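What follows is one structure encoded as structure tokens, with my remarks underneath.
The values are calculated or read from the model by the stated rules, or taken from the named source; none is laboratory data. All of these numbers come straight from a predicted model, not from anything done at the bench. With ideal geometry, Cβ positions are generated from the backbone for all residues, glycine too; neighbour counts draw on all protein chains shown. Just the protein is used for accessible areas: all its heavy atoms, side chains included, with ligands, DNA and RNA removed. Shrake-Rupley method; radii C 1.70, N 1.55, O 1.52, S 1.80 Å.
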Amino acid sequence: MVRLITHNLLACHAKGCTSNNFPLAFSNVQIEIREAEFNPEFLKNFIPKIEWKALVDTARQLGDTSLPLEQPEMIDDDFLKNLHHVLLETHVEEGVMTCPNCKHEYPISNGIPNMLLAEHEIG
Amino acid sequence: MIPTPDLSHLTSSDYEHVYEPAEDTFLLLDALEEHADELKQMAPLTCLEVGSGSGCVSSFIGQILGSSTLYLCTDINTHACRCTRRTGTQNKVPLEVVHTSFAYPFHARLKHSIDIILFNPPYVPTQMEEMSGAQKLRDIEGSWAGGNDGMQVTNKFLELVDDLLSARGRVYLVALKENNIPEIQTRMANRYKLQSTIVLSRRAGREHLSIICFHR
């Protein structure tokens, strides 16, 4: 499964592609929402690892506008519930992720992104 | 006692392409169980398993650490990726599977930020051609064929872990006596200042297996 938490951690790793290689852009996606255990402590601890703009832009592109453009200073329960839903309950099952820099395409099938590169493409 | 993950959904046809959990897998589970209390106390945010195969090991650590940790898994074998995913679902542990070599797509974003790294590598000494051919085929042979000293894939992994491991992080690695464990430990200490201990050792048939735990 490619949940948005994972997508926020994946960058293009093709040979020579070392800048502007994140976030990968989704296209032709099929999304499934699946309930996950709400763990506010995990979310609070994970927030510093998130690239916020990439997450919000990606969520909006997939039709979820529940997150604010700027990371809020006050972290309340409503915010954490929205964040939980976006990060951990939104699954991209099918689709393509494209590198914004080199345009390499990584297909997603049955919730598994194929990020294997051919030998000549490895950096 | 932490139960061994439920693998009843995997069949003999899965095991034609994916390594079936065996003594080496169970030794790794036992090492993680022995460290269960300290692992819980450490409260790792991220756990990465390279070459997750059946998904047994990540599902097991998922039962120890619960929803406070994100579980990332990679495998070069597409059958293994699917099995990992199914095993996660079967055991109610959300495993994030990426079909890739080592952890390359995570290096840019998770530099020095992974708390637990697990690797049960292809450690069996084989002909070099057998090892490189097996890695290209991306099937079951790639789960054990390790080249000359059984270290060809592990050596590559050991060059990458320092870049990913967090300050408080730990690496659990399965190794065979023939892999020259003291040399591995000295090398990692000299090159990366990574200290290590042997958590468990066990003889299983002809194999003398150990679990090495590296930390900063």
Just to be sure, is residue B:130 of a type in the set (D, E, K, R), in contact with a helix residue (DSSP H, G or I) (Cβ under 8 Å, 6 or more places away or on another chain) and farther than 25 Å from residue B:212 by Cα?
yes
For segment B:122-138, which positions are more than 14 Å from chain A (Cβ to nearest Cβ) and over 12 Å from residue B:154 (Cβ atoms)?
B:126, B:127, B:128, B:129, B:130, B:134
Of the candidates A:74, A:115, the one satisfying the condition of being of a type in the set (A, V, I, L, M) and within 11 Å of residue A:2 (Cβ to Cβ) is A:115
If I filter segment A:44-53 for residues that are closer than 23 Å to residue B:92 by Cβ, in contact with a helix residue (DSSP H, G or I) (Cβ under 9 Å, 6 or more places away or on another chain) and open to solvent by less than 30 Å² (accessible area, probe 1.4 Å), do I get at least one hit?
yes
Scanning segment A:104-123 for residues that are outside any strand (DSSP E or B) and within 10 Å of chain B (Cβ to nearest Cβ), which turns out most open to solvent (accessible area, probe 1.4 Å)?
A:119
Kindly indicate whether any position in segment B:55-73 is open to solvent by 20 Å² or more (accessible area, probe 1.4 Å), among the small types (Gly, Ala, Ser) and away from chain A (no Cβ under 14 Å).
no
Taking segment A:22-40 and the residues there that are facing another protein chain (nearest Cβ under 10 Å) and farther than 16 Å from residue A:116 by Cα, the one that is surrounded by the most Cβ atoms within 10 Å (Cβ to Cβ) would be A:23
Would you confirm whether any residue within segment B:116-129 is among the charged types (D, E, K, R) and either open to solvent by less than 10 Å² (accessible area, probe 1.4 Å) or modelled with pLDDT of 95 or more (or both)?
no
Among (1) within 11 Å of chain A (Cβ to nearest Cβ); (2) crowded, with 19+ Cβ neighbours inside 10 Å; (3) in contact with a Leu (Cβ under 9 Å, 6 or more places away or on another chain), there is one condition residue B:111 misses while meeting the rest; what is its number?
(2)
Applying the selection to segment A:1-16, what residues are more than 10 Å from chain B (Cβ to nearest Cβ) and open to solvent by less than 40 Å² (accessible area, probe 1.4 Å)?
A:4
Segment B:23-41, subset out of contact with any Leu (no Cβ under 8 Å at 6 or more places or on another chain) and open to solvent by 30 Å² or more (accessible area, probe 1.4 Å), residue nearest to residue B:175 (Cα to Cα):
B:26
